[in-house]
Ligand code: CA
């Protein structure tokens with residue numbers, strides 16, 4: 001392939017190398033630009049001479065300032081870029097450029113499981129939740145037996161899942177920060193894909209008692225966990241405990257097995273968006289394609305969540321104008337401020353986000369990473385903001401505040417979502433047991449290296465073989481197929497399911 005660079009915005013004075021394997025010094029692009037030095041794929045090259053201190057523009061935004069003068073065709077390495085400070089939260093425009101609603105998309109449906117609370121399941125799973133880490137190996141043991149001895153008799157049930165985690169005791173359970181993991185685990189324990197109703201296994205003496213994990217909710221009359229609560233300290237030994245869990249599981253499987261998929265509108269989808277192992281292509285291929293699919297989902301009436309506070313913080317000035325009302329914009333700023341203060345308590349800031357893999361993938365700093373990350377949110381108005389640990393109930397595009405760590409963000413989004421889209425540049429085999437995770441690659445080289453892990457290749461956008469629109473539509477259709485159980489993600493095919501990792505900003509005792 002001829003030397004090719006990808007420039008995102010007309011104002012940009014840098015572009016990224018598209019050629020797999022990178023390009024050598026002396027390579028000449030179609031417009032006559034010549035590379036000054038060997039430059040890896042996805043890394044940036046200057047399109048014109050830059051003087052010391054001059055702003056470096058990508059996505060039409062300043063990603064930093066040149067630390068020395070750079071001739072046209074130079075490799076823009078991390079050590080040549082001074083990072084700008086984050087946008088001031090007190091000087092942001094609130095709901096000043098609210099995008100007009102796009103025309104509704106009618107007629108798109110999927111086959112899902114309708115739940116007692118009105119939510120839709122994309123899977124039909126027996127969920128066994130836990131109040132504390134102490135019981136996790138016992139529940140894992142029981143689930144292995146359930147899968148081997150019971151599940152084969154219940155053809156309509158997809159899986160049995162132990163909802164285990166590291167929380168539950170040895171924590172300041174009444175501290176304000178504790179509300180985040182407790183709420184997250186409570187919502188996951190009533191997930192749409194377990195028909196809102198888990199078996200509950202408790203130890204007995206733990207801080208997070210069953211009533212705290214699952215407070216009785218008058219708006220939730222179907223849930224009555226008392227008959228399906230097993231307390232290990234009330235049982236007579238291990239074998240009796242396992243037998244009790246198996247008996248409760250069998251009763252529950254009989255109920256779940258009677259459930260049938262039915263045609264439901266696409267508006268019943270709650271789709272969580274995330275990126276992990278991002279590279280400089282993420283912001284021009286997979287993330288905009290996901291953004292296009294996000295716009296389609298919103299037009300179809302669905303809920304689309306984007307998250308990862310430290311990956312939107314440096315692009316916040318582009319998001320507050322898009323909020324539907326000044327109040328929504330203020331909610332968004334509240335979540336940014338909360339996280340700034342959380343990081344400051346640990347003597348860190350948002351620049352702690354970028355990884356060695358991000359940098360290898362051509363991202364020089366968190367500003368550049370954020371500008372690419374927010375492309376996942378598409379182009380529509382931001383309708384609502386959910387605080388850390390809060391369940392998303394609104395329709396349309398929602399910002400749900402979470403950390404950016406893949407497995408922590410995924411756990412927190414799982415509290416609300418029945419479908420997960422995950423974009424990746426460097427690659428990760430990440431998956432979740434309770435909701436399907438569709439993985440979209442930023443580069444074709446990754447999709448070719450991992451043909452049995454990546455579900456959709458967006459890298460073809462960089463070479464012009466596909467468009468943002470075409471990959472966006474492909475993803476939209478793939479979401480409906482997987483939500484209907486007609487297709488499986490690679491993560492589900494192999495059973496790659498990451499452990500839950502609830503975010504605990506509160507103290508441990
Ligand atoms: Ca992430």
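The values are calculated or read from the model by the stated rules, or taken from the named source; none is laboratory data. Everything quoted here is computed from the prediction, not taken from an experiment. FYI the Cβ positions are ideal-geometry reconstructions off the backbone, even for glycines, and counts take in every protein chain you see.
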Exercise. Look at region 434-452 and say how many of its residues are free of Cβ contacts under 8 Å to residues at least 60 places away in the same chain and closer than 27 Å to residue 268 by Cα.
Key: 3
Exercise. Among the numbered conditions (1) more than 16 Å from the ligand (Cβ to nearest atom); (2) within 19 Å of residue 353 (Cβ to Cβ), tell me where residue 307 comes up short.
Key: (1)
Quiz prompt | Qualifying position, being in a strand (DSSP E or B) and either farther than 23 Å from residue 503 by Cα or without any contact (Cβ under 8 Å) to a residue 40 or more places away in the chain (or both), among 160, 142, 136 | solution = 160
Practice problem: Give region 463-490 a look and list any residue that's assigned to a helix (DSSP H, G or I) and more than 21 Å from residue 113 (Cα to Cα), or say none. | Solution: 468, 469, 470, 471, 472, 473, 474, 475, 490
Quiz item: residue 505: surrounded by fewer than 21 Cβ atoms within 10 Å (Cβ to Cβ), outside the structural domain of residue 270 (by TED's automatic domain parsing) and more than 14 Å from the ligand (Cβ to nearest atom), yes or no?
Solution: yes
Practice problem: Identify the residue in region 118-133 that is part of a loop (DSSP other than H, G, I, E, B) and out of contact with any helix residue (DSSP H, G or I) (no Cβ under 8 Å at 6 or more places or on another chain) and, among all such residues, is surrounded by the most Cβ atoms within 10 Å (Cβ to Cβ). | Solution: 132
Quiz prompt | So residue 87, is it on the phi < 0 side of the Ramachandran plot and either assigned to a helix (DSSP H, G or I) or in contact with a strand residue (DSSP E or B) (Cβ under 6 Å, 6 or more places away or on another chain) (or both) | solution = no
Practice problem: Check every one of the strands (runs of 3 or more DSSP E) wholly within region 353-435 and list those with 2 or more residues that are more than 14 Å from residue 187 (Cβ to Cβ) and within 12 Å of the ligand (Cβ to nearest atom). | Solution: 419-424
Exercise. Quickly run through region 49-73 and pick out the residues that are assigned to a loop (DSSP other than H, G, I, E, B), in contact with a strand residue (DSSP E or B) (Cβ under 8 Å, 6 or more places away or on another chain) and closer than 30 Å to residue 316 by Cβ.
Key: 51, 52, 53, 54, 67
Practice problem: Take region 315-352 and flag every residue that is more than 20 Å from residue 503 (Cα to Cα) and not in a helix (DSSP H, G or I). | Solution: 323, 324, 325
Exercise. For residue 13, work out the one condition from (1) in contact with a strand residue (DSSP E or B) (Cβ under 9 Å, 6 or more places away or on another chain); (2) farther than 27 Å from residue 317 by Cα it doesn't fulfil.
Key: (2)
Quiz item: Within region 1-48, which residues are buried (at least 21 other Cβ atoms within 10 Å of the Cβ) and not in a loop (DSSP other than H, G, I, E, B)?
Solution: 5, 14, 15, 16, 17, 23, 39, 44, 45, 46
Exercise. Select from region 240-278 the residues that are part of a loop (DSSP other than H, G, I, E, B) and over 16 Å from residue 374 (Cβ atoms) and write down the one among them that is farthest from the ligand (Cβ to nearest atom).
Key: 258
Exercise. For region 325-336, state whether one or more residues are touching a residue at least 40 places away in the same chain (Cβ under 8 Å) and within 14 Å of the ligand (Cβ to nearest atom).
Key: no
Quiz item: If you take the residues of region 415-429 that are over 21 Å from residue 352 (Cβ atoms) and over 9 Å from the mean Cα position of the chain (by Cα), which of them is surrounded by the fewest Cβ atoms within 10 Å (Cβ to Cβ)?
Solution: 429
Practice problem: Among the candidates 173, 182, single out the residue that is part of a helix (DSSP H, G or I), in contact (Cβ under 8 Å) with a residue 24 or more places away in the chain and farther than 21 Å from residue 496 by Cβ. | Solution: 182
Quiz prompt | Qualifying residues in region 293-304 (those that are in a helix (DSSP H, G or I) and buried (at least 24 other Cβ atoms within 10 Å of the Cβ)) - the one nearest to the ligand (Cβ to nearest atom) | solution = 294
Exercise. Kindly provide the set of residues from region 107-118 that are touching a residue at least 40 places away in the same chain (Cβ under 8 Å) and out of contact with any strand residue (DSSP E or B) (no Cβ under 8 Å at 6 or more places or on another chain), ordered by number.
Key: 116, 117
Self-check item: Output for region 47-100, where each listed residue is over 34 Å from the mean Cα position of the chain (by Cα) and within 18 Å of residue 280 (Cα to Cα)
Solution: 73, 74
Practice problem: Please identify the pairs in which a residue from region 381-410 that is free of Cβ contacts under 8 Å to residues at least 12 places away in the same chain and not assigned by TED's automatic domain parsing to the domain that holds residue 278 has its Cβ atom under 9 Å from the Cβ atom of a residue that is part of a loop (DSSP other than H, G, I, E, B) and away from the ligand (no atom under 16 Å from the Cβ), counting only partners at least 6 apart or on another chain. | Solution: none
